[in-house]
1. If you check ALA264, ALA223, ALA168, which single one turns out to be surrounded by fewer than 17 Cβ atoms within 10 Å (Cβ to Cβ) and either over 30 Å from PRO33 (Cα atoms) or at pLDDT below 95 (or both)?
2. Just to confirm my filter: which strands (runs of 3 or more DSSP E) fall fully inside the range 71-135 and include at least 2 residues that are charged (D, E, K, R)?
3. Show the residue pairs meeting these rules: Cβ distance below 6 Å; 6+ apart or different chains; first residue within the range 188-203 and over 14 Å from LEU231 (Cβ atoms); second residue polar (S, T, N, Q).
4. On the basis of being at pLDDT 95 or above, polar (S, T, N, Q) and within 27 Å of VAL255 (Cα to Cα), does THR84 make the cut?
5. Assuming THR237 fulfils every condition listed in (1) at pLDDT 95 or above; (2) surrounded by 19 or more Cβ atoms within 10 Å (Cβ to Cβ) apart from one, which condition is it?
6. Considering only residues that are among the small types (Gly, Ala, Ser) and in contact (Cβ under 8 Å) with a residue 60 or more places away in the chain, which ones fall in the range 40-71?
7. Name, by its number, the condition in (1) surrounded by 19 or more Cβ atoms within 10 Å (Cβ to Cβ); (2) without any contact (Cβ under 8 Å) to a residue 12 or more places away in the chain; (3) among the acidic types (Asp, Glu) that does not hold for GLU117.
8. If you scan the range 160-190, which residues turn out to be more than 20 Å from the chain's Cα centre (by Cα), assigned to a loop (DSSP other than H, G, I, E, B) and under 20 Å from ILE67 (Cβ atoms)?
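The values are calculated or read from the model by the stated rules, or taken from the named source; none is laboratory data. What you are looking at is a predicted structure, and each value in this text was computed from that prediction instead of being measured. FYI the Cβ positions are ideal-geometry reconstructions off the backbone, even for glycines, and counts take in every protein chain you see.
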Amino acid sequence: MNGLWIALGVVVGVPLLLWVGLHVPAAPFPAFPNAGEVSETVPLPAELPEPVARFYQTVYGNEIPVITSAVISGRARLRVAGITFPSRFRFTHMAGQDYSHDIVSTIYGLPLLRVHESYIDGWSRLELPFGVTEGEPKIEQAANLGLWAESIWLPAIFLTDDRVGWTAVDAATALLAVPYEEGEETFVVRFDPETGLIRFLEAMRYRSETSEGKTLWINEILAWDELGGVLLPSEATVTWLDEGTPWATFRVEEVVTNADVGDAFE
C-alpha cells in the first residue's frame, strides 16, 4: 500500500512541480547601459497609403527620426517541443542590416536553454543547446524576415530606408516590401481601424532548413505602450498558420535606440 501512495505521489507531484517551475517568471536582462540620441529627422513623406500615413502620424507626428540601431529587451513565453517556457530576450539590431538575438529559457527562474542567433551581412547562425546551424539558404530567408518584422520596434526605418516601399491595398491594409538578396520580400500589414496602429504583419516564411515550402507566419501586436518616449508594441505573439496558436509571446520592457551596439556583433 505504501508503494501505491509513493507511485501516486510521483504521478501527481512531478507534473505539479514542473507546472510550478514553468510559471516562475524569468528574470530580465540588465538594463542596457547606454542610450543614444535622435539627432536627425526627416519629414513624413507626402504620398503614403492612407493607413500608413495615419500610423506614422500617430507614432511620430510629422517628423520621422533616423534610427541606426536598437536594443529590444523583455520577457517571453516560448513553446519548445510542446512545452512553454518562461524566457528573457534581448534583440540587438543594426537597423535594416544585422541582428543578434540572446534568449534564455528558464525553469524555477534558473537558466535551462540558451539560444544565440545572429544574422550578419546576410549570413545566419543559430546556436542551440543541441547544435549549430549556419549558412542555410532557407534559414537566411527566415532570418531576413525576422530582421524586418522586429523592426516594428524601430518603425521609422520603414520610411527612412530607401530599399523599403509601401503599396496601398485598402483603408486598413498595405503591403510592405523589404530587401532580400537581389530582390525583395513582402509583408501584408494590417492596421487597427480604430487606433490606426499596426495589428498584424504577415509573410510567407520557411520554418526550417528542411521545409519543402513556406508557411504563413503571423506576427500579431496585442498592445502598444510608451517605450523610450515613443509609442511602440509592448506585447506581441508569433504564430505559424498551420499550428493555429502562438508559439511565442513577447512582452517588451525596454527599447533603446541609436546606442553603440558594436559589442553585440564582434
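1. On the way: ALA264 fails: surrounded by fewer than 17 Cβ atoms within 10 Å (Cβ to Cβ); ALA223 fails: either over 30 Å from PRO33 (Cα atoms) or at pLDDT below 95 (or both).
Selected residue: ALA168, the only one of ALA264, ALA223, ALA168 that is surrounded by fewer than 17 Cβ atoms within 10 Å (Cβ to Cβ) and either over 30 Å from PRO33 (Cα atoms) or at pLDDT below 95 (or both).
2. Answer list for the range 71-135: 83-94, 98-107, 110-120, 123-128.
3. Within 6 Å, the pairs are ARG190/THR173; LEU201/ASN219.
4. Working: at pLDDT 95 or above: no; polar (S, T, N, Q): yes; within 27 Å of VAL255 (Cα to Cα): yes.
Here the answer is no, as THR84 does not meet what is asked.
5. In the conditions (1) at pLDDT 95 or above; (2) surrounded by 19 or more Cβ atoms within 10 Å (Cβ to Cβ), THR237 misses (2) alone.
6. SER69, ALA70
7. (2)
8. ASP162, ARG163 - these are the residues of the range 160-190 that are more than 20 Å from the chain's Cα centre (by Cα), assigned to a loop (DSSP other than H, G, I, E, B) and under 20 Å from ILE67 (Cβ atoms).
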